[in-house]
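Asks: Encoded as structure tokens, here's the structure I'll be asking about.
The values are calculated or read from the model by the stated rules, or taken from the named source; none is laboratory data. Note that the structure is a prediction, hence the values are computed from the model and not measured. FYI the Cβ positions are ideal-geometry reconstructions off the backbone, even for glycines, and counts take in every protein chain you see. The protein model used for the area step is the full one, side chains on, heavy atoms only, and it has no ligands, DNA or RNA in it. Shrake-Rupley method; radii C 1.70, N 1.55, O 1.52, S 1.80 Å.
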Amino acid sequence: MRQLPLWKPLLILGIALTSLFYALPSLLGGVDEEWPSWLPNQVILRGLDLQGGLYLLLHVETDKAVEQTAENLVDEVLGVLREKRLRHLGVKRAGISAVEMRLSKGSDPEEVRKVLRDEFPDLLLEDMAEGAGIRLAITPDKQKEIKGFAVEQSIQTIRSRIDQFGVSEPTIQKQGQERILIQLPGLQDPARAKALIGRTARLEFKMVDEKGDLATALDGRVPPGDVVLYGDQQARDGSTYQQPYLLKKRTVLTGAYLSDARVNFSAQYNEPQVLVSFNRQGARKFAQITANHVNERMAIVLDGRVYSAPVIQERIDGGRASITGRFTTDDAHDLAIVLRAGALPAPVKILEERTVGPTLGRDSVEQGLASILIGGALVLVFMALYYRGFGLLANIAVLLNILILMAALTFLQATLTLPGIAGAVLLLGMAVDANVLIFERIREELHLGKTPLAAIDHGYSKAFSTIMDANITTLITAVVLYQFGTGPVRGFAVTLSIGLVASMFTAIFVTRVVLALAMRNRPFAKLSI
Amino acid sequence: MELITKKTHIDFIRWRKLAFSFSIGLILLSLISLGVQGLNYGIDFSGGTLVQLRFPGPAPVGEIRKALSDLDLGDVVIQEFGRPEEILVRVERQEGQEASSNQAQLAQRIVASLNGLAGEEGVELRRVEFVGPQVGEELTTKGIMAVLYSMIVILAYVAWRFELRFAYGAVLALIHDLAITVGFFSLLQKEFTLVVVAALLTVIGYSLNDTIVVYDRIREEMKRLKKEPMTLIINEAVNRVLARTLVTSLTTILVLVALILFGGEVIHDFALTLFLGVLVGTYSSIFVASPMVLLMDRKGR
């Protein structure tokens, strides 16, 4: 106590100044353009609940990606069989991961098997029961790969959509095997962002079956190879109704061949529409298809809904098509974004959504700050009244504690949430606990008739192990909280942990050094406690 | 200034039977309430949609109820939230096909149907929370696991730092605190959310903190008063830390009161849980955790 090594006060001064350095932007409530560049400019990261924004947990329906692969496989198998002139009685998808084909009497099963084995070496070839046909299945390993790829690609697609939409600090993370976590802070229009993210955006061009009978198809007798899809149509009186279309199941062209999508306005009605451009391969295919189907209708289908089905007037070169519909400008703009970013390889489902409007976030910050200031002031006043001189000492420790907490949160860029603020408030109460323990001990020692110096020495040393035990157990709950919590709860755990460590430092170490400094020249005859 | 000016010699141990009966009574009340009406699970656990809206003027709750019943959403709870302009609409989990995607769009449908009631300005969408059934179940499991794991780790830590009988006492006191706090939520049918679980874990932390301080003193007095009976040792220890216990509880409660009064509606239940927890935790460290050591001691010998 009597000899105070110089490094101790210097360490405290260093920590206090460093904390002030990092906490300054947050203390001032943000930085403007005149802020000197040599000072840190980061402020405490506020959670979505404090600044508003969108939190989404998505489930990628990866089974659908496998199903789609199998669906594509049907086309490929048909192509191969046609090419090799092998006769068959049909190929269809069976389950989500296999393709089955029936052989006609005239074809040699051995030959078919050999061809298939050569063409699709990584598929599982099985004979169906009673020689009814052959089954090609995607192996479990391959399925896993497809699923993993679907999630990765979904993340990339969503990221590129969000980037084009313009959100400042998005977080997009994979969670577990099939989930994606998205956080978009400070978002002004969460509903629109949500629609943008969740859209599969699978663009398909299908031919209308002009020969088929739509009426019988609607009765349930859909011709083989056809499908009935619906689109919004506007009636004369302005109301909308569902227009059914009888389409060929086969997709002649997909959005995968797009090179660009832009919004422009139709010359006729000046309505927004989306102009898509195909890449070279797509343009070639598009020209070929349009040439082969003049005077037929081609339906533009997005996510299973028919947008329009214009009649092809002539072969279309140049690789451009326009998607019309009664869009608002925002709709058209968002559609262009999703088409540019590409389709999701599998549909996504929203498992969890939390949206906080900007005004609620602002209110929360104000109320949180107000309660911290009021609660903090109450504690400081109480401590000063109750312990007098030593109370002031504890108050120095508590203030330094808050400064360190702010700096640590800024430096780690940990997210401060509403429960986090509450945690900070609670910490204010608990932070003085270590000092209370020490001071009560000192009082006890004084009652026993010890000299001020001895009382202080004993007070600190006896309270030490109690403080450690008490804080470590609380720290344990904070760690468990962090492990099991999500979002706001985690923020709370982080705040609590940092605060606990900081309070041990300030309550045990800092107060002691300050005390020693005060007593260096003239030891107290009587303690103000 | 001192709260307790003289050295106190309150015979806490003598009151232990009364305290135990009191505690058991409270816990029974909690259990009965839990058995009869259960917990009012928020959407975090039960799944569903919550929408917080602000109207330009006082919200016309009756008309809102009528407008929403037209949407055919099943069980809808409408309540005022903090102030008359603000309402909270809770919609239970929608059953059936495509329920999940419909549910995710629910907020827009609700806003659309209520916009007409709010005049030209329309309603302001303050908050939307949607939790799917699958996630709800996961969050429930996680919540229970969090409580269980922290109990186990604490048991191990206290057993290591003190003695096993202390560890039992500490954990029993924690279960006591949890049972009463959760019972309070059941009794008043307050909404039980993820944030409340965070508060419960914090209560565990606080209560344990308190218990450890008392135990630390018991251990110290055991060394000093080796020859004395355990009853006297425990009484002495509790009396000696009484001033500290009261001061710390008081400072914590001061800030919690500030939080309850000025922290806003969103944080209200969180603060309330902590407030109750601090009261129960302080009581239990004196009247439950300490006598438990005595009880375990008798059996041990």
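Asks: Give me a single rounded figure for A:367-373: the average over its residues of other chain Cβ atoms within 10 Å of their Cβ. Can you show the working numbers first?
Replies: On the way: counts 7, 6, 2, 6, 12, 5, 2.
Neighbouring Cβ atoms belonging to other protein chains average 6 per residue here.
Asks: Against the empirical 2.2 N^0.38 Å scaling, what ratio does the C-alpha Rg of region A:329-423 come to?
Replies: For region A:329-423, the normalised Cα radius of gyration is 1.85.
Asks: Trypsin sites (Lys or Arg not before Pro), restricted to region B:191-297: which are DSSP loop and have at most 15 other Cβ atoms within 10 Å?
Replies: Passing sites in region B:191-297 are B:LYS226, B:LYS227.
Asks: Here's a follow-up. Could you work out the local net charge near A:THR328, counting Lys and Arg as +1, Asp and Glu as -1, over the other residues with Cβ closer than 10 Å to its Cβ?
Replies: Net charge in that neighbourhood comes out at -3.
Asks: Next up: Between A:GLU110 and A:ARG280, how high is the FRET efficiency from 1/(1 + (r/R0)^6) when r is the Cβ-Cβ distance and R₀ = 35 Å? Nearest 0.05.
Replies: It comes out at approximately 0.25.
Asks: Let me ask you something else. Counting helices only, and only those DSSP H runs with n ≥ 4, report the 222 nm mean residue ellipticity of chain A as the sum of -39,500 (n - 2.57) divided by its residues, in deg cm²/dmol to the nearest 500. Spell out each step's value before the answer.
Replies: Working: 14 runs with 269 residues, N = 529.
Using -39500 (n - 2.57) per qualifying helix, the result is -17500 deg cm²/dmol.
Asks: Can you give the Rg to Rh ratio of region A:100-231, both from alpha-carbon atoms, with Rh computed by the Kirkwood formula?
Replies: 1.14
Asks: Give me the distance between the Cα centres of region A:181-239 and region B:173-212, rounded to whole Å.
Replies: Here the answer is 50 Å between Cα centres.
Asks: What is region A:1-121's relative contact order, in percent, from Cα pairs under 8 angstrom and six or more apart in sequence?
Replies: The value is 14 percent.
Asks: Related question: Would you kindly state how much longer the chain becomes between A:ARG305 and A:LEU517 on full extension, computed as 0.36 nm times their sequence separation minus their alpha carbon distance, in nm to one decimal?
Replies: Additional length available on full extension: 68.5 nm.
Asks: Consider all pairwise Cα distances in region A:22-111 and report the whole-number % of them above 19 Å.
Replies: Of all Cα-Cα pairs in region A:22-111, 66 percent lie more than 19 Å apart.
Asks: Moving to a separate point now. Need the C-alpha centroid separation for region A:270-311 versus region B:148-168, integer Å.
Replies: A separation of 70 Å, based on Cα centres.
Asks: Based on the alpha-carbon gyration tensor of region B:232-301 and its eigenvalue square roots a ≥ b ≥ c, which shape applies: rounded if a/c is under 1.5, prolate if not and a/b is larger than b/c, or oblate? Before the final figure, lay out each step's value.
Replies: Details: a/c = 7.06, a/b = 2.31, b/c = 3.05.
The shape class here is oblate.
Asks: Further question: Could you sort the residues of region B:234-249 by number and keep only those whose accessible area is reduced by 20 Å² or more in the all-protein-chain setting relative to the chain alone, 1.4 Å probe?
Replies: So the qualifying set is B:ARG240, B:ALA243, B:ARG244, B:VAL247, B:THR248.
Asks: Here is a follow-up. Work out from phi, with θ = phi - 60° and the Karplus expression 6.51 cos²θ - 1.76 cosθ + 1.60, the ³J(HN,Hα) of each residue of region B:177-189, listed in order in whole Hz, and give x for Gly and Pro.
Replies: Rounded to whole hertz, the list is 5, 5, 4, 5, 5, 5, x, 4, 5, 6, 4, 8, 6.
Asks: Among A:ALA463, A:PRO345, A:LEU373, whose Cα projects farthest towards the positive end of the dipole of chain A, with charges put on the beta-carbon of Lys, Arg (+1) and Asp, Glu (-1)?
Replies: A:ALA463
Asks: With just the Cα atoms defining each centre, how far is region A:61-97 from region A:396-428? Give it in Å.
Replies: 59
Asks: Taking only the alpha-carbon atoms of region A:348-401, what semi-axes of the equivalent ellipsoid follow from 5 times the gyration tensor eigenvalues under a square root, in whole Å, largest first?
Replies: For region A:348-401, the semi-axes come out at 39, 13, 8 Å.
Asks: For n ≥ 4 DSSP H runs only, could you compute -39500 (n - 2.57) per run for chain B, divide by its residues and tell me the 222 nm figure to the nearest 500?
Replies: My calculation for chain B gives -22500 deg cm²/dmol from helical runs alone.
Asks: I need the Kirkwood Rh of region A:371-529: take the reciprocal of the average 1/r across all distinct C-alpha pairs and report it in angstrom. Don't jump to the answer; show the numbers that get you there.
Replies: Numbers: mean 1/r = 0.0612 Å⁻¹.
So the Kirkwood estimate lands at 16.3 Å.
Asks: Which value, in debye to the nearest 20, gives the size of the charge dipole of region B:62-191 about its Cα centre, when Lys and Arg are +1 and Asp and Glu are -1 at the Cβ?
Replies: 660
Asks: Binning at 5 angstrom from zero up to the longest distance, how are the C-alpha pair distances of region B:118-231 distributed in percent?
Replies: Per 5 Å bin, starting at 0, the Cα pair percentages come out as 2, 9, 15, 16, 13, 11, 9, 7, 5, 4, 3, 2, 1, 1, 0, 0, 0.
Asks: Using alpha carbons only, what's the Rg to Rh ratio of region A:192-274 with Rh from Kirkwood?
Replies: On the way: Rg = 16.2 Å, Rh = 15.7 Å.
Reported Rg/Rh (Cα atoms, Kirkwood Rh): 1.03.
Asks: Size of the dipole of the protein assembly as shown about the Cα centre, Lys and Arg at +1 and Asp and Glu at -1 on the beta carbon, nothing else charged, in debye to 20? Write out the running numbers ahead of the final one.
Replies: Working: 86 positive and 86 negative charges, 622 e Å.
Taking the Cα centre of the protein assembly as shown as origin, the dipole is about 2980 debye.
Asks: Using the charge dipole of region B:1-83 (Lys, Arg: +1 at Cβ; Asp, Glu: -1 at Cβ; taken about the Cα centre), state which of B:TRP15, B:ILE32, B:VAL61 has its Cα farthest towards the positive end.
Replies: After comparing all options, I get B:TRP15.
Asks: Additional query: Taking the convex hull of the alpha carbon atoms in chain B, what volume per residue do you get, in Å³?
Replies: With only Cα atoms used, chain B gives 148 Å³ per residue.
Asks: Under a point-charge model restricted to the Cβ atoms of Lys and Arg (+1) and Asp and Glu (-1), what is the dipole moment magnitude of chain B relative to its Cα centre, in debye to the nearest 20?
Replies: Computed charge dipole of chain B: roughly 2220 debye.
Asks: Radius of gyration and Dmax for region B:32-181's Cα atoms, expressed in Å?
Replies: Rg, Dmax (Cα atoms, Å): 21.2, 69.
Asks: Another question about this same structure. What distance in nm lies between label points placed 7 Å from Cα along the C-beta direction at B:LEU187 and A:ARG117?
Replies: Roughly 7.7 nm, to one decimal.
Asks: Normalised by the empirical 2.2 N^0.38 Å for globular proteins, what value does the Cα Rg of region A:74-134 take?
Replies: Compared with the compact-globule rule of thumb, region A:74-134 sits at 1.01.
Asks: Summing Lys, Arg as +1 and Asp, Glu as -1, what charge do residues with Cβ under 14 Å from the Cβ of A:ASP317 carry, A:ASP317 excluded?
Replies: Details: positive: A:ARG280, A:ARG284, A:LYS285, A:ARG315, A:ARG320; negative: A:GLU314.
Charge balance near A:ASP317 sits at +4.
Asks: Let me ask something else. Between A:GLY106, B:SER207, B:PHE184, whose Cα lies farthest towards the positive end of the dipole of the protein assembly as shown when Lys and Arg beta carbons carry +1 and Asp and Glu beta carbons carry -1, centred on the Cα centre?
Replies: B:SER207
Asks: Tell me, which longest segment in chain A has none of the trypsin sites (Lys or Arg not before Pro) that fall in DSSP loops with at most 14 further Cβ atoms within 10 Å? Walk me through the intermediate numbers first.
Replies: On the way: sites that count: A:ARG2, A:LYS84, A:ARG85, A:ARG87, A:LYS105, A:LYS211, A:ARG221, A:ARG236, A:ARG315, A:ARG326, A:ARG520, A:LYS526.
Answer - A:327-519.
Asks: With viscosity set to 0.890 mPa s and temperature to 25 °C, compute the Stokes-Einstein D of region A:258-407, Rh being the Kirkwood radius across alpha carbon pairs; µm²/s, no decimals. Display every interim value, and only then the final one.
Replies: Working: Rh = 21.4 Å.
Answer, rounded: 115 µm²/s.
Asks: In cubic angstrom, how much convex hull volume per residue do the alpha carbon atoms of region B:139-188 span?
Replies: Spelled out: Cα convex hull of region B:139-188, divided by residues, is 56 Å³.
Asks: Looking at the protein assembly as shown, I'd like the Rg to Rh ratio, where Rg is from alpha-carbon atoms and Rh is Kirkwood's inverse mean 1/r.
Replies: Here Rg/Rh amounts to 1.09.
Asks: Okay, next question. If the viscosity is 1.306 mPa s and the temperature 10 °C, what Stokes-Einstein diffusion coefficient in µm²/s follows for region A:57-98 when Rh is the Kirkwood radius over Cα pairs?
Replies: Answer, rounded: 138 µm²/s.
Asks: Averaged over B:132-139, how many beta carbons belonging to a partner chain fall within 10 Å of each residue's beta carbon?
Replies: 4
Asks: If you add up the charges near A:ARG250, with Lys and Arg at +1 and Asp and Glu at -1, over every other residue whose beta carbon is less than 12 angstrom from its beta carbon, what do you get?
Replies: Working: positive: A:LYS206, A:LYS248, A:LYS249; negative: A:GLU71, A:ASP75, A:GLU204, A:ASP209, A:ASP226.
Taking every Cβ under 12 Å from that of A:ARG250, the sum is -2.
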